[in-house]
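Q: Quick one: the structure is below, and I'll ask about it shortly.
Bear in mind that the values in this text are calculations on the coordinates, not laboratory data. Just so you know, these numbers come straight off a predicted model, no measurement behind them. Here Cβ is always computed from backbone atoms with ideal geometry, including for glycine, and neighbour counts include all displayed protein chains.
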Amino acid sequence: MPLEKNKAGVIILGASSFPDSPNFQEDTAFFEAKKRVEDYFLDQHGLALNKEDQILDLFDSEKDPNGQDVAITAFIRKIKSLEIKDLFVYYVGHGGFTAHEEAFYLAIRATRDSNPAVSSITFKSLSTTIANCASAMRTFIIIDCCFSGAAGFSFQSGDISVAAGKQLQDDFPSKGVALLCSSSKDIPSLIIKDRNITMFTEGLHLALSKGDPSISNKYLSLKQIHQLTFSYIKQMNPGKDVRPEVMSPYQPVGDIAEMPHFINFAYSDPKADILLKKREIDEEMVKNNVQVVGKLLIDFVRNFDMAEVYYEESILIGVDCFDLEEEKETLDKEIYREKRKKLYVHIMEIIRNILRQNPSLN
Amino acid sequence: MENNPIQYEAQKLKRNLETDIVSSYSGLMNFMELNNADANMQKEALLLGSRLFDYLEEEGSFNLPIEKKQNILAEAFEMIDTLVQTPVSDESILANKTLNQLRDHFLKISSDDVVFSAENLNKKYKNFSLQDISLELRTGEITSVVGENGNGKSTLLKIVAGQILPTGGKYSYPMFDEKGNDWIKIKRHLGYVPQSITPWRNINSLKKQLQFYAAIKGIRGKKNDEAVDYILTRLGIWKYADSKYSALSGGYQLRFELAKQLIWSPKLLVLDEPLANLDIKAQHLLLNDLRNLSNSIKNPMAVLISSQNLYDIENISDKVIYMSNGKDIYNGPTESISDFSGCHCYLVDVECSVLELQKAFDSFSDKIFEIKDDYPNKIIFTKNDIKANVFLSALINAEIKINHFRDISNSTRIFFENAQSFKKNMA
């Protein structure tokens, strides 16, 4: 089901500075990334969420992990009462893995890099909270992580999605969960200093807010958003692009990453596309569906003839099209074809003149 | 030869035309348009295509005699070569720019306003109740209501059409009356065709009666003539304009009733089982007309229609509501039914036993939820990742003869089956 206006909840996590973690580089790009994602959810032309009721902003919060968990729990309970069915969790900042358990954590403002396991949000605790509180919701977790060279970084793979996905397998909500994340641990390639934004969120924001004109659907799935994010990343950062990852490990009712959820802002309504409508008439003329051509011409003129010059003429042609088809069996083949050709030429002329109109006339 | 994009595309197009001239012909039309062919050249391409289809009609099949095919190909290739060699003129660049501006203009004015909105509609009768139906009807959208008889379809339609009042719930017509109680205002924008149509009087011709009806709705003078001529032609019923109502067949009586409702361009059209007495051709004609008329960008309308003809009606619907015992079991976009049920579903008529079918699906047996016998068909419920191509390949590889196949994953047909598969998923 597509995401409905006002019917989603968003939890924003992360930080732009880490005062107790000298190894975690502060960066305003994290704030800019958070801001763009927040803007997407608030956009009145899109999901138009209510900032107070539907967005929990814990970015740069002074709260410790327990305090943030309490806030997340209370927020999910609140949005459940609003009959919200889709939950987004967006994180931007530094991520890492604890030294001994290789537990994946997300650094927050209160994180101490000497012991991130107790001072950060661990992925395990986040997914447990979501599983306990948001069991009836579809959950999309979006992680834009910059790995620092912090002490304690011991995970070998370097691919965040593998680690996060593995931990997602243990415990998550019953309505399905999908994960989209940046995949590299390489800081320089993830923050675009010139534009003060993280590479992944820049691409993601473009994908969400611009959409894909080549996809003729009103809505895009998370997997399509993932592909589109990567293509924007490549376009914006030629030669330095890093491929994001998408995964949806637990899918009791179909893969939510494949369901069309997100508004495709590049979608143009085919019924209002004058060229598409012209092509429809052309195709029917080629197939010699004369009566259909008559009806389509009447519709075309009603919709697109701004000066209303061809209203009557189109009705007369519509009648001629019907008459001709009714007479087809009784007419000589060549005479029938000649009459039809004349009608076609007349129709093409009308369409051509309508296509030449100046839109400022209206 | 293939050293620039247009030449490359031209060669590709020629190869496609040689392989399958019928299916590839629209490619030639697109090639002409995209490469700024002048009006005359586009006209010649279209007329050549029309000739091609004349030949096909003469032959009565899709196999053209070699000589005729070669003649068409030679002319098509000549057009392609001429276009490739013709430099794009400044005039055509300018025309293209103007056309794009015009296109953008219409794309921007397209709208989908909410005509009717309801939350938790209820209607209580002694032996039946309609329960908590919420819906939103938008201009340009068709919403179909399906389900077995006696499950509340007509009750719901009558409430939306203002024929009966609900017992509970909130509703409004935001485009014309926010409170939903100014019926004079509302009915100025609302057309309703009930299940049984009240016969028209026989005193005047049908055209005169339509003119009278349009006049009642405030369409007078020249506009009255124009509106009547338009609707008679648009619905293909003008040749009965001078007839009397009693001379019409049931199908044409319905079309005239529809004309009567459409003549004053309502914003919301409610049709209760309009397909019931129509033959298949008339059904398709009516549904296509409804689709095109609701799509109008100058006078877009919302359509709410009930029917038992699932596949045909779902084919033109943007949203579908499946009713059972007064409840909406499914209420959402047509293309999201499989997301909701959590499974894909295929209806097949195959010449083999259930055991042989199971064997054909060996490689993904863990993804088959259920095989139901529905004589002469079988209905197979699978996990969502078993797409139609995978399913069909398995049947073809097992050399099973397929007489009929239909992907009903996004059809409410699945709700008519008492299948355990999706019940489990939806629980």
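Q: Using Cα pairs under 8 angstrom and six or more residues apart, how large is the relative contact order of segment B:293-376, in percent?
A: Relative contact order for segment B:293-376 comes out at 12 percent.
Q: Using a cut-off of 13 Å between beta-carbons, work out the net charge of the residues near residue B:205 (Lys and Arg +1, Asp and Glu -1, residue B:205 not included).
A: +4
Q: Oh, and also: Just report the Cα centroid separation between segment B:93-165 and segment B:181-239, whole Å.
A: Centre-to-centre distance over Cα atoms comes out at 22 Å.
Q: Just to be sure I understand: with springs between alpha-carbon atoms less than 10 Å apart, which residue in B:149, B:204, B:30 has the highest mean-square fluctuation in the Gaussian network model of chain B?
A: Result for chain B, Cα springs under 10 Å: B:30 fluctuates most.
Q: Among A:77, B:188, what is the fewest-to-most ranking by other Cβ atoms within 10 Å?
A: A:77, B:188
Q: Test of understanding: in a Gaussian network model of chain A with alpha carbons linked when under 10 Å, which of A:350, A:72, A:11 would top the mean-square fluctuation ranking?
A: It is A:350.
Q: Compute the signed sum of charges (Lys and Arg +1, Asp and Glu -1) over the other residues within less than 10 Å, Cβ to Cβ, of residue B:334.
A: -2
Q: Something else about it: For chain B, with the dipole built from +1 on Lys and Arg beta-carbon atoms and -1 on Asp and Glu ones, taken about the Cα centre, which of B:89, B:139, B:245 lies farthest toward the positive end?
A: The Cα lying farthest towards the positive end belongs to B:245.
Q: Sticking with this structure for a sec: In nm, to one decimal, how far is the residue B:126 label point from the residue A:356 one, both placed 7 Å along Cα→Cβ?
A: With each label placed 7 Å out from Cα toward Cβ, I get 7.1 nm.
Q: Are there GluC sites (Glu not before Pro) in segment B:334-417 that DSSP puts in a loop and that have at most 10 other Cβ atoms within 10 Å, and which ones?
A: Here the GluC sites (Glu not before Pro) that fit, given the DSSP loop and packing criteria, are B:351, B:399.
Q: Taking segment B:118-150, which trypsin sites (Lys or Arg not before Pro) meet the DSSP loop condition and have no more than 12 other C-beta atoms within 10 Å?
A: Passing both the DSSP loop test and the Cβ count: B:126.
Q: Okay, moving on. For a test of the definition: using alpha carbon positions, the gyration tensor, and the 1.5 limit on a/c, classify segment B:94-196 as rounded, prolate or oblate.
A: Verdict is prolate for segment B:94-196.
Q: Okay, next question. Once Lys and Arg get +1 and Asp and Glu get -1 on their Cβ, which of A:206, A:319, A:289 lies farthest toward the positive end of the dipole of chain A?
A: In chain A, that residue is A:206.
Q: Here is a follow-up. Just to confirm a number: summing +1 for Lys and Arg and -1 for Asp and Glu over residues other than residue A:55 whose beta-carbon lies under 14 angstrom from that of residue A:55, what do you get?
A: Summing Lys and Arg as +1 and Asp and Glu as -1 gives -1.
Q: Counting Lys and Arg as +1 and Asp and Glu as -1, each charge on the Cβ, what is the dipole of segment B:12-157 about the Cα centre in debye, to the nearest 20?
A: 680
Q: For each of A:138, A:279, count neighbouring Cβ atoms within 10 Å of the residue's Cβ, then give the residues from fewest to most.
A: A:279, A:138
Q: Shifting gears a bit: Quick one: of A:333/B:244; A:193/A:218; A:5/A:223; A:328/B:14; B:153/B:378, which pairs are farther than 30 Å apart, Cα to Cα?
A: Where the Cα-Cα span goes over 30 Å, the pairs concerned are A:333/B:244; A:193/A:218; A:328/B:14.
Q: Next up: Using DSSP H assignments, which helices in chain B have an axial alpha-carbon span of 27 Å or above and a mean Kyte-Doolittle hydropathy of -1.0 or higher?
A: Going by DSSP H runs, the hits are B:39-59, B:66-85, B:90-109.
Q: Beyond 45 Å, how much of the Cα-Cα pair distribution for the protein assembly as shown remains, as a whole percent?
A: Across the protein assembly as shown, Cα pairs with separations above 45 Å total 38 percent.
Q: What nm value, rounded to one decimal, do you get for the distance between residue A:316 and residue B:222 when each label is placed 7 Å out toward the C-beta?
A: That separation, rounded to one decimal, is 1.5 nm.
Q: Report, in deg cm²/dmol and to the nearest 500, the calculated mean residue ellipticity at 222 nm for chain A, where each DSSP H run with n ≥ 4 adds -39500 (n - 2.57) and the sum is divided by the residue count.
A: Dividing the helical sum by the residues of chain A leaves -14000 deg cm²/dmol.
Q: I'd like to know which of B:61, B:30, B:71 lies farthest towards the positive end of the charge dipole of segment B:5-107, counting +1 on Cβ of Lys and Arg and -1 on Cβ of Asp and Glu.
A: After comparing all options, I get B:30.
Q: With an 8 Å cut-off on Cα pairs and a minimum separation of 6 or more residues, tell me the relative contact order of segment B:5-107 in percent.
A: After rounding, I find 34 percent.
Q: While we're looking at this one, here's another question. Give me the dipole magnitude in Debye, nearest 20, for the protein assembly as shown about the Cα centre, with unit charges on the beta carbon: positive for Lys and Arg, negative for Asp and Glu.
A: Here the size comes out at about 2380 debye.
Q: Can you pull the one-decimal nm distance between simple spin-label points at residue B:351 and residue B:114, each 7 Å off the Cα toward Cβ?
A: 5.5
Q: Kirkwood hydrodynamic radius for chain B: how many Å is it when counted over pairs of different Cα atoms?
A: Computed over Cα pairs of chain B, the Kirkwood hydrodynamic radius comes out at 25.7 Å.
Q: Build a GNM of chain A with springs between Cα atoms under 10 Å: which of A:236, A:348, A:137 gets the top mean-square fluctuation?
A: Highest fluctuation of the listed residues: A:348.
Q: While we're here: Run the numbers on chain A and let me know its relative contact order in percent, using alpha-carbon pairs under 8 Å that are six or more apart.
A: Relative CO of chain A lands at 14 percent.
Q: By count of other Cβ within 10 Å, fewest leading, how are A:306, A:259 ordered?
A: Listing A:306, A:259 from fewest to most nearby Cβ atoms yields A:306, A:259.
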